[in-house]
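Just below is one structure, and these are the notes that go with it.
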Amino acid sequence: MNAFYFVVDEGMCCIASAQALHIARSWGCDVHIFVERRDPAATVRQVEHEGRIHYHFDALMPCLPEGLPSSRSWPHIVYLRLFAPARLQQYSRLIYLDADVLSMKPDHAIWDVDLPSGLAAVEDYGTLFELPPTAKNLCREDWLETLGTSSGRGFNSGVLVIDPQRWREHDFAGRLVEYFEKYPQAERFDQDFLAWLFDGAWTELSPRFNFQASVLGFGMFAAIDPVFVHFCQYEKPWFDRRGDAATNIDEAIIDVYDALLEEAGCDAAALARPLALTGPQRFKFWLRRKMAAHGFPSRKERRVGRERQRRIGVFADYASARLSEGRFADMTAKALPDIRDETYFDGRFFRTRLDRDALLSVRVGS
C-alpha cells in the first residue's frame, strides 16, 4: 500500500487539499495532509474522497529539536517533512510533495523503483545554473563539499520518494543538530541536510518526477513529459497573474489550478495576487513583443535569450550524461526525445506554448 503526504500551514492547506483530492482520484491511493498551524485556533476546510484523504493537526512540530536555523524562505516547517513518515509506517512507499507541485498524471511505476537507501529524488536544477551568492567563487562540486556533500550531487527536496521502513533507521532529530553544528553555513536547511545524510546514496530520478520552474521556458515540456511540475519560484499559479508579461507561467496551468481549487471548494480569488503593471511597463513589454514577432529582437530579448541558451545547454548536458550512464532509475532511454515545444518572447519572459486541452485534462474529474 502506498500514499502521498503534504506538510503545510493553515495558509497553504487549501492548495494541498485541492491537490490531495486530485491525487486521491487520479492515483487511487491515500493522501495525508499534516497541518502545522501558526495559529492553533485556525480552522481549515477539509476535503474527502472515499476515505482516502487524512488530516493531521499540529502533530510534527514537537518532534523538532530547538535551535535549528530558519529564514523567511525556509521556515522551520520545512524540516517537518522528515518526521511525517514515522507516523505512516503502514505504507510500503510514500511520496512527499511540496504544496506547489502539480501532479500531471499518475505513473504507478514509481512505486516499484528500488530504494536501497530509502530515498529517491531529482537533481536540483537551480544550482546547476547558478549557485547562491555566498558561493560565487566556487564551482558546484566545491560548494557542495562546503555543505558536507562529497558526491558532487544534490537534490531538490520538493519531491521525495521514501521507504518508510528504511527512513525509520535514522535519528533525524539528533542528526539535524549534528549537521548544523558542523555546517552552520548551510542556507537551504532541510535540503542541504538530506544531501549530506544521503550523500551519494540516494536514488536519482529523471526530471519527469520533479520538473522544476527553472526549466519552464526551455521548450522541453513535451520531451520530458513530466509527472510532477514544481513551481519552486516566487511566481505561483494560484496568484492568477494573467496577461502578457505578467508571469512566466502559462495561462493554461493557471486554468488547471482554478479548476482544482473549484473542485475542492476553495476560494481561488482569496489566493490571487494580481500584478499591477504600469502603463509605461505595459507599453515597453508590448513593444518588445512586437519587435520579437517581426524578427527584431530588443536588447532585453538578446540578453535574456543568451542566458536562456546557456541554461538549456547546461540542462541538456546534465540530462544526456545521466541518460547515457543509466543513472535515472525510472528511465531506460539513452537520450531525450528530439522534441521542442514552441516558445516565444513576450516582452519579459521566454515562454512555452503549452497544449491547453492536454493540460486541462489533468483536472479533477476529467
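The values are calculated or read from the model by the stated rules, or taken from the named source; none is laboratory data. Because the structure is predicted, anything quoted here is derived from the model rather than measured. As a convention, Cβ positions derive from the backbone with ideal geometry for all residues, glycine included, and neighbour counts pool all protein chains shown. These accessible areas exclude ligands, DNA and RNA; they are computed on the full protein's heavy atoms, side chains included. Shrake-Rupley method; radii C 1.70, N 1.55, O 1.52, S 1.80 Å.
Details
- Here the relative contact order of the chain, from alpha carbon pairs under 8 Å that lie six or more residues apart, stands at 18 percent.
- Net charge, ARG208 excluded, C-beta distance under 9 Å - Lys, Arg +1, Asp, Glu -1: -3
- When the Cα convex hull of the chain is projected onto planes of every orientation, the mean area is 18.8 nm².
- GNM result for the chain, Cα springs below 10 Å: residue of TRP286, TRP167, TRP202 fluctuating most strongly: TRP286
- Using all pairs of distinct alpha-carbon atoms, the Kirkwood hydrodynamic radius of region 142-187 works out to 12.4 angstrom.
- Note on the chain: with neighbouring protein chains present and a 1.4 Å probe, carbon and sulfur make up 49 percent of its accessible heavy-atom surface.
- Taken along its principal axes, the alpha carbon cloud of region 227-366 reaches lengths of 51, 45, 25 Å, longest axis first.
- Tensor-based shape of region 78-233 (alpha-carbon gyration tensor, a/c under 1.5 rounded, otherwise prolate or oblate): oblate
- Annotation for ARG72 and PHE57: the two label points, set 7 Å from Cα along the Cα-Cβ direction, are 3.0 nm apart.
- Antiparallel DSSP beta bridges within the chain, percent to nearest 5: 40 percent
- A straight Cα-to-Cα reach below 28 Å connects LYS236 with the lysines LYS105, LYS136, LYS284, LYS290, LYS300, residues fewer than 8 places away in its own chain not being considered.
- The residues of the chain expose, per residue, 44 Å² of accessible area to a 1.4 Å probe.
- Summed side-chain charge close to VAL113 - residues other than VAL113 whose Cβ falls under 9 Å, Lys, Arg +1, Asp, Glu -1: -2
- Tensor-based shape of region 53-148 (alpha-carbon gyration tensor, a/c under 1.5 rounded, otherwise prolate or oblate): oblate
- Value of D in µm² per second that Stokes-Einstein yields for region 176-246, Kirkwood Rh from Cα pairs, at 37 °C (0.692 mPa s): 218 µm²/s
- Distant alpha-carbon pairs in region 226-285 (separation over 12 angstrom), percent: 70 percent
- Region 37-90: mean projected area of Cα convex hull, nm²: 5.2 nm²
- Overall, the anisotropy analysis places region 1-51 in the prolate class: the square-rooted eigenvalues a ≥ b ≥ c of its C-alpha gyration tensor yield a/c not less than 1.5, with a/b exceeding b/c.
- Hits among aspartates and glutamates - C-alpha to C-alpha of LYS334 under 14 Å, sequence gap 8 or more where chains match: ASP317, GLU325
- Per-residue 3J(HN,Hα) values for region 223-233, derived from phi via the Karplus relation 6.51 cos²θ - 1.76 cosθ + 1.60 with θ = phi - 60°, read 5, 7, 6, x, 8, 10, 10, 10, 8, 7, 8 Hz in sequence order (x marks Gly and Pro).
- Extension gain, ARG353 back to GLN309 (0.36 nm per residue minus Cα-Cα distance, nm): 14.1 nm
- By the Cβ rule of 4.7 Å, the chain holds the following cysteines without a possible disulfide partner: CYS13, CYS29, CYS63, CYS139, CYS232.
- Taking all pairs of distinct alpha-carbon atoms in region 143-217, Kirkwood radius in angstrom: 13.5 Å
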